[in-house]
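Colleague: Take this structure first; my questions come after.
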There are 2 protein chains.
Amino acid sequence: MQLINALRAALGDSAVLTGPEDRAPFERDWRGLAQNPAVAVIFPQTTAQVTEIVKLCADNGVKIVPQGGNTGLVAGGVPAPGGNQIILNLRRLHQIRALDPVGDTITAEAGATLHAVREAAARANKLFPISFGAEGSAQIGGIISTNAGGMQVLSYGSTRAQVLGLEAVLADGRIWNGLGALRKDNTGLDLKQIFIGAEGTLGIITAATLRLYPAPSAQACALAGVADVAAALELFTRLRHQCGPALTLCEFIDGPAMQLGAAHTPGGRLPFGAPAYVLLELSALDAAATPAATLERLLAEALESGLAQNAVIAQSTREAQGFIAMREAVSEGELREGGAVKHDIAVPLAAIPETVAAIETLVATKYPDCRLNIFGHLGDGNLHINIRPPAGQTLASLATRKTAITIDVEALAVARGGSFSAEHGIGQFRLAGMRAHKSAVELDLMRALKAALDPQNLLNPGKLLPVKDLS
Amino acid sequence: MQLINALRAALGDSAVLTGPEDRAPFERDWRGLAQNPAVAVIFPQTTAQVTEIVKLCADNGVKIVPQGGNTGLVAGGVPAPGGNQIILNLRRLHQIRALDPVGDTITAEAGATLHAVREAAARANKLFPISFGAEGSAQIGGIISTNAGGMQVLSYGSTRAQVLGLEAVLADGRIWNGLGALRKDNTGLDLKQIFIGAEGTLGIITAATLRLYPAPSAQACALAGVADVAAALELFTRLRHQCGPALTLCEFIDGPAMQLGAAHTPGGRLPFGAPAYVLLELSALDAAATPAATLERLLAEALESGLAQNAVIAQSTREAQGFIAMREAVSEGELREGGAVKHDIAVPLAAIPETVAAIETLVATKYPDCRLNIFGHLGDGNLHINIRPPAGQTLASLATRKTAITIDVEALAVARGGSFSAEHGIGQFRLAGMRAHKSAVELDLMRALKAALDPQNLLNPGKLLPVKDLS
């Protein structure tokens with residue numbers, strides 16, 4: 001094939017994989033839920049090579065699937081059906097180009113892992129605040145293209161809030177160098193906003209300048225037991241009003257989810273039983289501050305007023321890490337014990353209790369054999385609603401009901417002004433939600449932007465935007 | 001004229017001003033530097049009326065200038081030359097539609113003043129953090145369309161960071177209802193980002209849902225004297241590392257600017273003389289916190305190490321307001337004492353000292369009769385570089401050198417990775433900077449977005465984007 005030969009000539013043989021077995025791990029999303037063929041998997045090492053690939057593909061009418069660490073949950077970084085696509089894997093474009101300790105910025109290439117960026121920041125006594133379980137694999141280009149979230153969004157914002165500048169290769173092969181490191185710049189349209197969260201459909205991000213923050217000098221972590229999600233919300237709003245951005249973590253985990261997480265954490269042990277749990281972290285910068293004492297005082301008030309049933313403050317970093325590990329192990333536990341139909345909703349904070357109640361009623365009445373786990377980023381209004389098959393069965397047993405479950409859960413969130421995908425994005429798996437819940441005006445606007453920036457539909461076809469219904 | 005009759009029929013006579021004297025105050029920017037005729041000034045009261053106006057104008061081939069409080073500095077909200085435009089003034093579309101004290105959000109129509117939104121927030125013990133001198137006139141639609149800044153961006157971010165949802169009327173007259181109130185929502189392209197900072201060129205913002213924050217329970221304000229901007233920067237970075245977002249104000253004001261501000265503040269008095277000043281504010285939420293004691297301790301360290309020459313902590317809210325008033329009076333003082341060629345640059349923080357040195361050298365060598373004021377938002381890297389005519393003369397005396405001064409100052413910032421308009425935007429007055437400093441790729445991208453969303457160039461012509469050079 002002419003394109004493959006041209007790519008080999010331009011990038012070298014080792015940068016172009018075409019054998020079916022070589023391609024397979026890149027064609028498949030990490031959960032194994034989607035697999036479609038690619039013509040080849042290409043590994044550019046420089047931005048200039050990315051432009052060569054884009055131009056060659058455009059000339060040959062072959063589409064491009066940009067791929068980062070392939071840790072997403074919606075199959076946005078692997079091919080959609082339809083063939084005639086190459087995977088442009090960015091892992092070799094992974095240099096950290098600069099770190100500015102005065103301006104608190106870091107400039108990294110798209111293929112640098114989130115872990116590498118966090119480590120580089122930490123070596124300079126700085127924090128890059130985006131963090132989640134897959135950070136050893138997730139890459140900077142991917143977290144920007146998906147506007148990734150995680151547990152510290154509460155205090156620092158999503159990935160979008162961390163991006164100061166971008167470099168991207170456009171669908172016509174030109175490089176846009178927008179790698180500014182400024183906190184403020186109102187010179188024309190803010191082009192980087194177009195590419196953030198666009199899932200690689202409008203351009204290929206090749207590098208970014210990101211915000212860093214002073215690393216906290218001290219942190220305190222606590223686990224509180226509460227009666228239900230309403231009590232958890234009340235506890236959050238009180239703490240938020242007293243701590244503001246110093247409250248760097250506020251996770252809700254219902255009892256069954258927390259027990260599952262504990263069971264799948266080596267050495268995991270819950271300090272007390274409770275109907276539901278809130279995981280809290282308070283951070284301080286000033287060396288004179290005492291976040292553990294502050295957290296103890298605030299939790300004592302919550303216990304006294306009956307808002308919290310129980311509370312334990314971690315007595316060591318290790319104990320704190322243990323609490324966080326149990327929270328992070330919930331998804332892993334679900335996967336090992338049969339899987340779950342996963343949802344990632346957000347609603348306005350005040351609507352959380354009634355949304356949870358409506359979901360509990362839904363499951364109890366329509367899916368009574370299923371098990372429900374609710375956990376997530378309480379302060380962001382973002383809850384993972386995971387519906388598990390009956391004990392002893394796998395996800396396959398829900399095959400015929402999976403779509404109905406998702407429609408039902410998402411509708412309950414959207415009806416309350418909520419989102420059907422708060423942080424996971426759309427990719428291939430949430431396109432039905434786009435069709436069901438987005439207005440014609442919204443879809444038209446998105447399509448107009450896509451047509452303006454990628455008129456040939458070269459970039460990441462079959463993702464983010466549903467094909468227009470021509471009926 | 002057919003359009004005027006149709007507008008009168010649709011909105012009523014009082015909503016359509018056509019007399020030259022009635023139109024004049026709306027045709028002229030508040031500094032009186034730009035004035036061009038409009039066919040009429042129209043005052044819609046509802047979003048539905050805005051759609052009617054847009055459709056009528058589109059049908060008649062008449063262009064639309066969206067106008068808020070007309071407090072901008074770049075004539076973005078008044079007509080450009082060329083005629084055939086109406087001014088769509090949003091002041092009557094000013095309802096506050098909702099305030100959610102649990103989710104910390106407020107939904108306001110475009111014409112609500114910034115002051116009205118801040119007051120509504122304050123009544124609920126919340127803070128809306130965008131604040132600047134013109135807040136009594138500036139409107140929500142305008143601050144979003146210009147991504148307005150101000151003194152508290154340091155801790156809370158620019159206006160963009162405050163916007164959770166938008167309602168806008170598109171160039172085809174359709175309403176986009178994107179008034180979500182969610183902290184996280186990754187369902188497709190984030191359309192609101194397109195309209196924020198677009199200066200009304202891509203759509204007309206009619207309402208917004210904005211973030212609120214818990215109101216601080218205590219604040220401490222201080223004025224420090226430093227040797228120069230390098231010392232000011234060092235003081236900032238130390239405080240930022242110890243206080244993080246609790247440092248809610250960090251303004252730099254050079255000696256001459258501060259003296260001018262003091263002279264134009266009723267009862268203004270500088271507590272000490274200094275080559276340059278840093279204005280600081282520390283905020284706390286926790287009622288048990290003592291920001292004044294913290295600030296005193298940190299400033300004592302700065303004095304001991306010689307970083308600060310002098311420092312005074314305000315002993316009352318009134319004294320604190322007095323410090324801030326002197327800072328805010330600098331622009332007013334310049335205006336009253338002959339005016340200034342104003343600039344609004346940003347550079348990476350580490351480049352501030354050498355940028356300031358280069359500007360001082362520029363003025364001393366090329367414009368030695370002029371006076372230089374440097375002040376602004378130090379922590380954002382955003383400085384106002386204002387070049388004043390010789391004592392006793394007005395801005396008119398710089399008429400022949402004004403353009404050269406601006407080109408020189410902006411080039412020094414841009415050469416250091418900086419911006420030539422950090423917070424003021426482009427409007428009509430900074431189009432030369434767009435031509436000089438933006439790459440062909442950037443201008444092409446902006447034009448592609450404009451063509452996609454407003455193919456007839458109906459919305460705010462002659463702003464933001466320079467006309468394409470066809471030579």
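Colleague: Which residue pairs have Cβ atoms under 7 Å apart, sit 6 or more places apart or on different chains, and have a first residue in the range B:1-28 that is part of a helix (DSSP H, G or I) and a second that is hydroxyl-bearing (Ser, Thr, Tyr) and modelled with pLDDT of 95 or more?
Modeller: B:ILE4/B:THR18
Colleague: Part of a strand (DSSP E or B) and farther than 16 Å from A:ALA171 by Cβ: does that describe A:VAL41? Working first, answer last.
Modeller: Working: part of a strand (DSSP E or B): yes; farther than 16 Å from A:ALA171 by Cβ: yes.
So A:VAL41 passes the test.
Colleague: Counting only residues that are without any contact (Cβ under 8 Å) to a residue 60 or more places away in the chain and more than 17 Å from A:ALA452 (Cβ to Cβ), which one in the range B:186-198 is farthest from the other protein chains (Cβ to nearest Cβ)? Let's see the steps before the verdict.
Modeller: Taking the range B:186-198 as the starting set, the residues that turn out to be without any contact (Cβ under 8 Å) to a residue 60 or more places away in the chain are B:186-193, B:195-196.
With more than 17 Å from A:ALA452 (Cβ to Cβ) added as a condition, the list becomes B:186-187, B:192, B:196.
Numbers: B:ASN186: 5, B:THR187: 5, B:LYS192: 9, B:ILE196: 7 Å.
So, considering only residues that are without any contact (Cβ under 8 Å) to a residue 60 or more places away in the chain and more than 17 Å from A:ALA452 (Cβ to Cβ), the one farthest from the other protein chains (Cβ to nearest Cβ) is B:LYS192.
Colleague: Which fully enclosed strands (runs of 3 or more DSSP E) of the range A:230-347 have 2 or more residues being in contact with a helix residue (DSSP H, G or I) (Cβ under 9 Å, 6 or more places away or on another chain) and surrounded by fewer than 17 Cβ atoms within 10 Å (Cβ to Cβ)? I'd like the intermediate steps shown before the answer.
Modeller: Values: elements: A:247-254, A:276-284, A:310-313, A:344-346.
Here the list reads A:310-313.
Colleague: Given (1) under 19 Å from A:ALA75 (Cα atoms); (2) without any contact (Cβ under 8 Å) to a residue 12 or more places away in the chain, where does A:LEU459 come up short, assuming only one miss?
Modeller: Exception for A:LEU459: condition (2).
Colleague: Then there is this: Among the residues of the range B:140-155 satisfying the criterion of being more than 16 Å from B:ILE196 (Cα to Cα) and polar (S, T, N, Q), which is modelled with the highest pLDDT?
Modeller: Here the residue is B:SER155.
Colleague: Continuing with the same structure: Confirm whether B:ILE352 is at pLDDT 95 or above, buried (at least 22 other Cβ atoms within 10 Å of the Cβ), on the phi < 0 side of the Ramachandran plot and assigned to a loop (DSSP other than H, G, I, E, B). Give the derivation first.
Modeller: Details: at pLDDT 95 or above: yes; buried (at least 22 other Cβ atoms within 10 Å of the Cβ): yes; on the phi < 0 side of the Ramachandran plot: yes; assigned to a loop (DSSP other than H, G, I, E, B): no.
Judged against the criteria, B:ILE352 is not a match.
Colleague: Now for a different question. Looking at A:PRO66, is it within 30 Å of A:GLU332 (Cα to Cα) and part of a strand (DSSP E or B)?
Modeller: Details: within 30 Å of A:GLU332 (Cα to Cα): yes; part of a strand (DSSP E or B): yes.
When the stated conditions are applied, A:PRO66 passes them.
Colleague: So, A:ALA168, is that one facing chain B (nearest Cβ under 10 Å) and without any contact (Cβ under 8 Å) to a residue 40 or more places away in the chain or not? Spell out the reasoning first.
Modeller: On the way: facing chain B (nearest Cβ under 10 Å): yes; without any contact (Cβ under 8 Å) to a residue 40 or more places away in the chain: yes.
Taking the combined requirement at face value, the residue satisfies it.
Colleague: Is it fair to say A:ALA116 is touching a strand residue (DSSP E or B) at 6+ places or on another chain (Cβ under 9 Å) and assigned by TED's automatic domain parsing to the domain that holds A:GLU199? First the steps, then the outcome.
Modeller: Details: touching a strand residue (DSSP E or B) at 6+ places or on another chain (Cβ under 9 Å): yes; assigned by TED's automatic domain parsing to the domain that holds A:GLU199: yes.
Yes; evaluated as a whole, the condition is true for this residue.
Colleague: Of everything in the range A:206-219, what is aliphatic (A, V, I, L, M), within 14 Å of chain B (Cβ to nearest Cβ), buried (at least 22 other Cβ atoms within 10 Å of the Cβ) and not in a loop (DSSP other than H, G, I, E, B)? Give them in sequence order. So that I can check it myself, show each step before the final result.
Modeller: The initial filter retains those residues of the range A:206-219 that are aliphatic (A, V, I, L, M), namely A:207-208, A:210, A:212, A:215, A:218.
Still in the list and also within 14 Å of chain B (Cβ to nearest Cβ): A:210, A:212, A:215, A:218.
Filter once more, so that each one left must be buried (at least 22 other Cβ atoms within 10 Å of the Cβ): A:210, A:212.
Matches in the range A:206-219: A:LEU210 only.
Colleague: I'd like the full set of residues that are buried (at least 17 other Cβ atoms within 10 Å of the Cβ) and more than 30 Å from A:THR406 (Cα to Cα), limited to the range A:71-95.
Modeller: Correct list: A:ILE86, A:LEU88, A:ASN89, A:LEU90, A:ARG91, A:ARG92, A:LEU93, A:HIS94.
Colleague: Among the listed residues B:PRO368, B:PRO390, which satisfies the condition of being in a loop (DSSP other than H, G, I, E, B) and without any contact (Cβ under 8 Å) to a residue 12 or more places away in the chain? Steps first, answer last, please.
Modeller: Numbers: B:PRO390 fails: without any contact (Cβ under 8 Å) to a residue 12 or more places away in the chain.
Being in a loop (DSSP other than H, G, I, E, B) and without any contact (Cβ under 8 Å) to a residue 12 or more places away in the chain holds for just one of B:PRO368, B:PRO390, which is B:PRO368.
Colleague: To continue, here is another question. Can you give me the number of residues within the range B:319-355 that are closer than 21 Å to B:VAL74 by Cα and either within 14 Å of another protein chain (Cβ to nearest Cβ) or among the hydroxyl-bearing types (Ser, Thr, Tyr) (or both)?
Modeller: Within the range B:319-355, residues that are closer than 21 Å to B:VAL74 by Cα and either within 14 Å of another protein chain (Cβ to nearest Cβ) or among the hydroxyl-bearing types (Ser, Thr, Tyr) (or both) number 6.
Colleague: Among (1) under 26 Å from B:LEU170 (Cβ atoms); (2) in contact (Cβ under 8 Å) with a residue 24 or more places away in the chain, which single condition is B:LEU398 missing?
Modeller: (1)
Colleague: Another question, if that's okay. Looking only at the range A:313-363, which residues are acidic (Asp, Glu) and without any contact (Cβ under 8 Å) to a residue 40 or more places away in the chain? Give the derivation first.
Modeller: Keep residues of the range A:313-363 that are acidic (Asp, Glu), which gives A:319, A:328, A:332, A:334, A:337, A:344, A:354, A:360.
Once the filter is applied, which keeps residues that are acidic (Asp, Glu) and without any contact (Cβ under 8 Å) to a residue 40 or more places away in the chain, the range A:313-363 yields only A:GLU360.
Colleague: Follow-up question, since we're still on this one. Pairs please, first residue from the range A:204-227 and touching a residue at least 12 places away in the same chain (Cβ under 8 Å), second anywhere and of a type in the set (Lys, Arg), Cβ atoms under 6 Å, 6+ apart in sequence or on different chains.
Modeller: From the range A:204-227, the pairs are A:LEU212/A:LYS126; A:ALA215/A:LYS126.
Colleague: Might you check whether a residue that is over 30 Å from A:GLY178 (Cβ atoms), in contact (Cβ under 8 Å) with a residue 12 or more places away in the chain, away from chain B (no Cβ under 14 Å) and of a type outside the set (Gly, Ala, Ser) occurs anywhere in the range A:286-296?
Modeller: No: zero hits.
Colleague: How many residues does the range A:189-216 contain that are over 24 Å from the mean Cα position of the chain (by Cα) and polar (S, T, N, Q)?
Modeller: Count: 0.
Colleague: While we're on this one: From the list B:ALA422, B:ALA432, B:ALA413, pick out the single residue that is surrounded by fewer than 22 Cβ atoms within 10 Å (Cβ to Cβ) and out of contact with any Pro (no Cβ under 6 Å at 6 or more places or on another chain). Write out each step before concluding.
Modeller: Values: B:ALA422 fails: surrounded by fewer than 22 Cβ atoms within 10 Å (Cβ to Cβ); B:ALA413 fails: surrounded by fewer than 22 Cβ atoms within 10 Å (Cβ to Cβ).
On inspection, the qualifying residue turns out to be B:ALA432.
Colleague: Taking B:ALA108 as the residue in question, decide whether it is of a type in the set (A, V, I, L, M, F, W, C) and outside any strand (DSSP E or B). Before the answer, list the steps.
Modeller: Numbers: of a type in the set (A, V, I, L, M, F, W, C): yes; outside any strand (DSSP E or B): no.
Judged against the criteria, B:ALA108 is not a match.
Colleague: Is it the case, given these coordinates, that A:SER316 is farther than 25 Å from B:CYS243 by Cα, away from chain B (no Cβ under 14 Å) and hydroxyl-bearing (Ser, Thr, Tyr)? Let's see the steps before the verdict.
Modeller: On the way: farther than 25 Å from B:CYS243 by Cα: no; away from chain B (no Cβ under 14 Å): yes; hydroxyl-bearing (Ser, Thr, Tyr): yes.
Criteria not met by A:SER316.
Colleague: Next question. In the range A:217-259, what residues are polar (S, T, N, Q), within 18 Å of A:THR290 (Cα to Cα) and under 25 Å from the mean Cα position of the chain (by Cα)? It would help to see each step written out before you state the result.
Modeller: Here is the first cut: in the range A:217-259, the residues polar (S, T, N, Q) are A:217, A:219, A:237, A:242, A:248, A:259.
Within this subset, residues satisfying the condition of being within 18 Å of A:THR290 (Cα to Cα) are A:217, A:219, A:242, A:248.
Passing the criteria: A:GLN219, A:THR248.
Conditions (1) modelled with pLDDT of 95 or more; (2) not charged (D, E, K, R), marked per residue:
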position: A:ASP29; (1), (2): yes, no
position: A:LEU33; (1), (2): no, yes
position: A:ILE53; (1), (2): yes, yes
position: A:LEU56; (1), (2): yes, yes
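Colleague: For residues in the range A:405-430 being of a type in the set (A, V, I, L, M, F, W, C) and farther than 22 Å from A:GLU354 by Cβ, which is farthest from the other protein chains (Cβ to nearest Cβ)?
Modeller: The first filter runs over the range A:405-430 and keeps only residues of a type in the set (A, V, I, L, M, F, W, C), leaving A:405, A:407, A:409, A:411-415, A:420, A:422, A:426, A:429.
Then drop every residue that is not farther than 22 Å from A:GLU354 by Cβ, which leaves A:426, A:429.
Working: A:ILE426: 6, A:PHE429: 12 Å.
Ranking the qualifying residues of the range A:405-430, first place goes to A:PHE429.
Colleague: Let me ask something additional. What number of residues in the range A:182-195 are buried (at least 24 other Cβ atoms within 10 Å of the Cβ), out of contact with any Gly (no Cβ under 8 Å at 6 or more places or on another chain) and farther than 16 Å from B:ASP444 by Cβ?
Modeller: Adding up the residues that qualify gives 1.
Okay, residues lined up against (1) more than 9 Å from every other protein chain (Cβ to nearest Cβ); (2) within 25 Å of B:ASP185 (Cβ to Cβ):
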| site | (1), (2) |
| --- | --- |
| A:ILE106 | yes, no |
| A:GLU119 | yes, no |
| A:ARG123 | yes, no |
| A:GLY149 | no, yes |
| A:GLY178 | no, yes |
| A:GLY200 | yes, yes |
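Colleague: Going through the range A:377-410 one residue at a time, which ones are under 18 Å from the mean Cα position of the chain (by Cα) and farther than 11 Å from A:HIS343 by Cα?
Modeller: Passing the criteria: A:HIS377, A:LEU378, A:GLY379, A:ASP380, A:GLY381.
The values are calculated or read from the model by the stated rules, or taken from the named source; none is laboratory data. Just so we're clear, the structure is a prediction, and the values are computed from it rather than from any experiment. In this analysis, Cβ positions are derived from the backbone assuming ideal geometry, glycine residues included, and neighbour counts consider all displayed protein chains.
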